[in-house]
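All remarks here apply to the structure that follows.
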Amino acid sequence: MDINSQIDLAIQNFDFEGKVIDKKPLKKGHINDTFCIVCETENKQNKKYILQKINTNIFKNPDELMENVVNVTSYIRKIVIENGGNPERETLNIIPTKNGENYYKDKDGDCFRVYKFIEDATTYDLVQNAQDFYESAVAFGNFQRLLSNFPANTLYETIPNFHNTVDRLNKLKEAIQKDAVNRVKNVKEEIDFVLNREKDCHIICDLLEKGEIPLRVTHNDTKLNNIMIDNKTKKAICVIDLDTVMPGTLLNDFGDSIRFGASTALEDEQDLSKVECSMELFEAYTKGFIEGVKGNLTDKEKEMLPMGAKIITLECGIRFLTDYLQGDTYFKIDRDNHNLDRARTQFKLVLDMENKWEQMKNIVKKYC
Ligand code: ADP
Ligand code: GN1
Ligand code: MG
């Protein structure tokens, strides 16, 4: 069945308010297929919903995934209400199926879920200004703090070894060995770049293993387009894309925001001369994140924040490069060499961070 017919069928399984008058794809994430469903209510108002086809190639157990999302969103909802906030806008809200399930599974085994649409807010692929980025940092820091007492043992690991950088490196090595689509010859330089940093891949895993940094409940995908920014107030109001909320390290959450948001160019920019890690943006984010977590950081975590940014950027580059070598089976692509372009921006950022290392450390010191 084609995706349009699938969506039409999925729509029939949810109770939308009013009559569906439009459905349009939203192109943002690399993983799920996201649609905006527009309904017309009895009094001729438009009401929107988000309908997502869950990528079950990646999320192998949708029951567990959705149980996590339900538990996390209801936990946050309670706190938002206690704090006098607006639970319709400050957390995702799941609409169950007509049968009361968390998602709808069609005959092909494809899975669909519906969220209330957060109106008058936008997600960005590129930072518009340092102030917005600062706001996103406060919100991600705050999200981290909100979840600090969440019972971690109730969470399923939706993707095993998700941010295990050593495992990611090993998967790259396997992909090089296999060379499934004969692309290794095109990326000798990129492979060497990674292999020269093999030791770096162990740093965070070792710290976790030795218990030198705590395992916390983290978001694990804190890029800028996973946070909704209010169009009027410009405040970051809602952290979205909760599929990878799992036990992890705060260094990755801090780092992934820097990787994506402090870059002066898009993640898939082909002109690498445009790609830098902006120290102005790094500073804005560091300040906001530390304010957001309200001091809930250990000394080791503080010290390792710059390393968090560098390692997750290296890891993400490794993942893009691996996918390129495996024939683009994981991340969605829109053009040839898309994953390679993405890998290259990540490696350029790693190099730039290495050159700006002292500056990054000094900025962190200033706010800790
Ligand atoms: P992916 O896992 O593919 O990244 P996301 O859950 O991040 O999917 O959703 C993709 C995009 O859809 C987001 O960047 C955002 O622009 C939009 N979106 C997702 N959920 C909502 C929502 N509840 N309200 C409004 N827009 C949303
Ligand atoms: C994916 O789902 P999305 O587009 O927010 C990926 C992240 C990567 C990111 C790179 C489940 O995030 O881990 O860091 O692309 N999500 C998953 O942009 O693999
Ligand atoms: Mg996303």
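Only residues that are more than 18 Å from the chain's Cα centre (by Cα), open to solvent by 40 Å² or more (accessible area, probe 1.4 Å) and either charged (D, E, K, R) or under 19 Å from N4 (Cα atoms) (or both) were counted in the stretch 105-139, giving 6. Being surrounded by fewer than 24 Cβ atoms within 10 Å (Cβ to Cβ) and within 16 Å of ligand 3 (Cβ to nearest atom) is the filter here; which residues of the stretch 303-332 pass it? Within the stretch 303-332, R319, Y330, F331, K332 qualify. For beta carbons closer than 8 Å, sequence separation of 6+ or different chains, a first residue in the stretch 283-308 that is on the phi > 0 side of the Ramachandran plot and a second that is outside any loop (DSSP other than H, G, I, E, B), the qualifying pairs are K294/G141; K294/R145.
Only one of the numbered conditions (1) surrounded by 19 or more Cβ atoms within 10 Å (Cβ to Cβ); (2) out of contact with any Asp or Glu (no Cβ under 8 Å at 6 or more places or on another chain); (3) touching a residue at least 24 places away in the same chain (Cβ under 8 Å) is not met by H338, and that is (2). Only one of the listed residues (D230, D243, D200) is within 11 Å of ligand 2 (Cβ to nearest atom) and either more than 20 Å from V293 (Cβ to Cβ) or modelled with pLDDT of 95 or more (or both). That residue is D243.
If you go through the stretch 334-368 and pick out every residue that is within 16 Å of ligand 3 (Cβ to nearest atom) and outside any helix (DSSP H, G or I), you end up with 1. For the criterion of being out of contact with any Pro (no Cβ under 8 Å at 6 or more places or on another chain) and surrounded by fewer than 16 Cβ atoms within 10 Å (Cβ to Cβ), L147 fails.
When the stretch 212-230 is filtered for residues that are under 19 Å from R259 (Cα atoms) and assigned to a loop (DSSP other than H, G, I, E, B), the ones remaining, listed by number, are H219, N220, D221, T222, K223. Taking the criterion of being touching a strand residue (DSSP E or B) at 6+ places or on another chain (Cβ under 7 Å), within 16 Å of G292 (Cβ to Cβ) and within 16 Å of ligand 2 (Cβ to nearest atom), the residues of the stretch 215-227 that qualify are T218, H219, N226, I227. When residues in the stretch 1-55 are screened for being open to solvent by 70 Å² or more (accessible area, probe 1.4 Å), within 16 Å of ligand 3 (Cβ to nearest atom), aliphatic (A, V, I, L, M) and in contact (Cβ under 8 Å) with a residue 40 or more places away in the chain, 0 of them pass.
If I filter the stretch 231-270 down to residues being part of a loop (DSSP other than H, G, I, E, B) and free of Cβ contacts under 8 Å to residues at least 60 places away in the same chain, which single residue comes out as nearest to ligand 1 (Cβ to nearest atom)? Of everything passing the filter in the stretch 231-270, T233 is nearest to ligand 1 (Cβ to nearest atom). Checked against (1) under 27 Å from P160 (Cβ atoms); (2) touching a residue at least 40 places away in the same chain (Cβ under 8 Å); (3) touching a helix residue (DSSP H, G or I) at 6+ places or on another chain (Cβ under 6 Å), F320 passes all but a single condition, namely (2).
Quick check, is A265 of a type in the set (G, A, S), buried (at least 19 other Cβ atoms within 10 Å of the Cβ) and touching a helix residue (DSSP H, G or I) at 6+ places or on another chain (Cβ under 9 Å)? Criteria not met by A265.
The values are calculated or read from the model by the stated rules, or taken from the named source; none is laboratory data. Source: prediction; values computed, not measured. Quick reminder, even Gly has a Cβ in these numbers, built from the backbone with ideal geometry, and neighbours come from all protein chains shown. What goes into the accessible areas is simple: the full protein's heavy atoms, side chains included, and nothing from ligands, DNA or RNA. Shrake-Rupley method; radii C 1.70, N 1.55, O 1.52, S 1.80 Å.
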